Each structure stands twice: as C-alpha cells, then as structure tokens.
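Sharing a structure below in structure tokens format, with a few things to ask.
Nothing in this text is a laboratory measurement; each read-out follows from the coordinates by a stated rule. What you are looking at is a predicted structure, and each value in this text was computed from that prediction instead of being measured. In this analysis, Cβ positions are derived from the backbone assuming ideal geometry, glycine residues included, and neighbour counts consider all displayed protein chains.
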C-alpha cells in the first residue's frame, strides 16, 4: 500500500488534473521540471568546463540559455503559487458571504419553529398557518440561494451544459410577465411587453435564457419605485434579437456601474432599498449569455432607472 | 402599565415571531421596517426599549443608533442591537455608540432574547 501511495504521489499529471489547472500552472509539475533542468545545467556546465573550456563564447551562450530557462520556470512557479493563494482567499471570502446570507432565513426558521413548539401557543394556535408560511418562505429563500450557488459553481468549472435549440423570445417574455404580474401589481408597477409580431426565433438554451430574462424583470420590479413602469422590449438587431428590460426605478450610481456583473456585488442603492439579495443574479446572467454566444449590457442613471439588455443570435 | 418596545427590523418574519412572543410576555410592541421610520417612531412613540437591526433599508442601524443617542429626547432609551453581523468591529462600534447589548440573532433563542430584554429594562 505504501508503494501505491508513493506512485500516486509521483503521478504528477493526475494530481495537477485533480486541481483543475493546466500543467503549466501546476506547482508540482514545475518543481519537477526545474529539478530536471538544474541537473542538466549541472552536467552540461561540468562537461563544458572540462572539455571545451577553450571556446568561452559557446560556454557563455549555453550557460546563458540554461539560466533563462530556469528563470522562466521559477517565474511560472511564483505566479502559480500567487494564483493558489488568491483562490484560497477568494474561497474564504465566498464562505463568509454565503454563511451570512444563509443566516437570515435560518434565524427566521429557528425562531418561528421555537414559537410553534413552545408552550407559548395561546393565540398563536390560530396563527399556525401564518407561521407555516414563514417556514415555507424561508425554506424557499434558502433553496434559491443554494441553487444559485450550484449554478455558479457549475458555470465556473465549465460543467454547465447548454441544450441549444430554436425558441421564441416573445413566448418566453409572455411567460415571465405572467409569473411576475401579481408582484408588480402589488407595488402598482405596470409591466408592459413591446414586441413586433413577426420576429424570428433565437438559438440558445431556453431554460437558461429564462433565468437571465427573469432576473432582469425581477430586478426591474424590485428596484422600481411605487407606481413605476417596467417595459420588456424585443427587437431585431443585425443577425440577433435584442431583449431589453427598462425600468424607471432607483438606478445604479455611476461608481458602482463597473462592478455590476461581479460575483456577490450589490450596488449601494440596491442595498438601501432591499436588504435581501445574493448579488449572484447578474453574474450568472453574464456567464450564461456569453456561453450562448450573445452579448449582455446595461444603461443606468441613479434615481432615473436602468435598462438591462442581452443579444442572442438568430441562427446557430 | 405594559412596557412599550419598538422593534426596528426589515425581516417581516422576525417582526412577527418576536413581536408575537413579546406580546405573550405582556409587552406592548410597535414596529418599523426601515431605519428612517424607526428613528421617527422612536421620537413619537417614546418606547421603553428599542430592538435595532443593523442592515436596514433607507438608513443603516448605526446611523439610527447615533441619531437616537444624540437626541436628548431619546438618548436614555436602552437599545439592544439584534443582528446577524458579528465582526468584533461591529460589536465595538455599537457599544461605543451607546448600545446596551449586542445580540447575534442566529446564536440566541427567543427565550434568551426575552431574558436580555428584561435585564435591559431592569426587570
């Protein structure tokens, strides 16, 4: 067994593959390579020193060449170790953010359960269904967050497969509007669709594109003002279709705009009006649209509103 | 007379659970869902104690805390911070600004929160 373990330790290529990084970024491989080059350097220098010392220029050239190779390898090792340190730090940050976001629904669940199970029932008996609703809402909140995290992890590892086919963006928009109409109406927000009748179909994974389109509409409603308006527009543009969601809500401050598609980023304005939110929706959206050979973007002005859009190809 | 507690918290679920629990314990509760409204209510309702969340819409809990402690009419009301943030920096800042206690929601049961409330009210 000890021997097998030793063999596993020596199987550098397999180990590097496990980390999911290229061989030229893998410290183990680079160390072995450097060792080999150092041995060659030592042998060559010795040979040169004893046999062809008469031709100092050749010796200089060879030694210089070997030094450059060593320098390049050392540099790669340093870079790859830096990358590892950075990834490690990002992981810690990631765990911090995620645990914080799971905490709010968890404390809601914990207290609601404590009350349901306590002897303090009294008038709460009649409120049982309200408490069940709290349990349901917060369980949903947690499962949505976990689903988003899994999507992010799959996208980042390249394990997110798209089932591409032709589909109608207009039908998708109608479906999303039907889902979100009650929420919009509750805040007196008008939800409108503007799409010409004879639009061609787009090429992409309808289920994944729905995630992106729904996120745009959901954000436009959440970050709107009372009695605001959300307009969903679909229009042809070159060999693509444009899907845009325009609102006249709180908008994004100029200095937050460059970060808007970053993982976990939430604008100061968004935080002020809505304290819930994972900061993952637009990050996921950008990755999905880019994998679908499309483009994503937005235009926004603080206190005036935002327009988020994506372009999807008409033909494969 | 029942003591009045103002609960400034944007999670409606927590408003409900802790609110119901406090009522059962014989307290009179009023609540605000954002920092701005909470600050206004603290002045008009004159509560005996304030439960204050930190991450709040419109006005952060620290700003509310500072404003309450700077106002002669509200500076003597005991304030319990009830949040899910728990960095030492946040705790220190809250106590420095004059909060009575700092509780992390996820680590306390309702029973324990009530005990802290009673203590802050001197009961």
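Rounded to the nearest 0.05, what FRET efficiency do residue B:88 and residue A:114 give with R0 = 25 Å and r taken as the Cβ-Cβ distance? Could you check?
0.35
Tell me, in nm to one decimal, what length is gained between residue A:146 and residue A:175 on full extension, where the rule is 0.36 nm per residue of separation less the Cα-Cα distance?
Net length gain for the segment: 8.0 nm.
So for A:51, A:190, fewest C-beta neighbours within 10 Å to most, what's the order?
The order, fewest Cβ neighbours first, is A:51, A:190.
So if I take the centroid of the Cα atoms in the stretch B:36-82 and the same for the stretch A:43-98, what is the distance between those two points in Å?
The stretch B:36-82 and the stretch A:43-98 have Cα centres spaced 60 Å from each other.
Listed highest first by mean packing, meaning other Cβ atoms within 10 Å per residue, what order do B:92-102, A:278-288 come in?
Details: B:92-102: 16.6, A:278-288: 21.0.
With the highest mean Cβ count within 10 Å placed first, the list reads A:278-288, B:92-102.
Label points 7 Å out from Cα along the Cβ direction at residue A:85 and residue B:95: separation in nm?
3.4 nm
Starting from the Cα gyration tensor of chain B, take the square roots of the eigenvalues, sort them a ≥ b ≥ c, and report rounded, prolate or oblate (rounded when a/c is under 1.5, otherwise prolate if a/b is larger than b/c, else oblate).
rounded
Computed FRET efficiency, Cβ-Cβ of residue B:67 and residue A:42, R0 60 Å: what is it to the nearest 0.05? Before the final figure, lay out the partial values.
Working: r = 73 Å, r/R0 = 1.21.
Plugging the Cβ-Cβ distance into 1/(1 + (r/R0)^6) gives 0.25.
Return A:16, A:26 ranked ascending by Cβ neighbour count within 10 Å, so the fewest neighbours appear first.
A:16, A:26
Further question on the same structure: Can you tell me the FRET efficiency between residue B:25 and residue A:94 if r is taken as the Cβ-Cβ distance and R0 is 30 Å, rounded to the nearest 0.05?
Efficiency, rounded to the nearest 0.05: 0.15.
Just rank B:83, A:307, fewest to most, by other beta-carbon atoms within 10 angstrom. Mind showing how you got there, number by number?
On the way: B:83 23, A:307 18.
Lowest to highest Cβ neighbour count: A:307, B:83.
Further question on the same structure: Given axes a ≥ b ≥ c from the Cα gyration tensor, I'd like to know whether chain A is rounded (a/c under 1.5), prolate (a/b larger than b/c) or oblate. Please list the in-between numbers first.
On the way: a/c = 2.92, a/b = 1.83, b/c = 1.59.
Because a/c hits 1.5 or more and a/b exceeds b/c, chain A counts as prolate.
When the helix-only estimate is applied to chain A (DSSP H runs of n ≥ 4, each -39,500 (n - 2.57), divided by the residue count), what is the mean residue ellipticity at 222 nm, nearest 500 deg cm²/dmol?
Values: 9 runs with 185 residues, N = 316.
Value at 222 nm, helices only, nearest 500: -20000 deg cm²/dmol.
Could you check the spin-label model distance between residue A:207 and residue A:314? Points 7 Å from the Cα along Cα→Cβ, value in nm.
Calculated label separation equals 2.8 nm.
Please work out how much length the chain gains when fully extended from residue A:59 to residue A:133, using 0.36 nm per residue of separation minus the C-alpha to C-alpha distance, in nm with one decimal.
Between residue A:59 and residue A:133, full extension yields 18.5 nm more.
Take peptide A:261-273, look around each residue's Cβ out to 10 angstrom, count Cβ atoms belonging to other protein chains, and average those counts.
Numbers: counts 0, 0, 0, 0, 0, 0, 0, 0, 0, 0, 4, 7, 3.
Mean number of neighbouring Cβ atoms from other chains: 1.
Quick one: if you stick a label point 7 Å off each Cα along the C-beta vector at residue A:67 and residue A:227, how many nm between them?
7.8 nm
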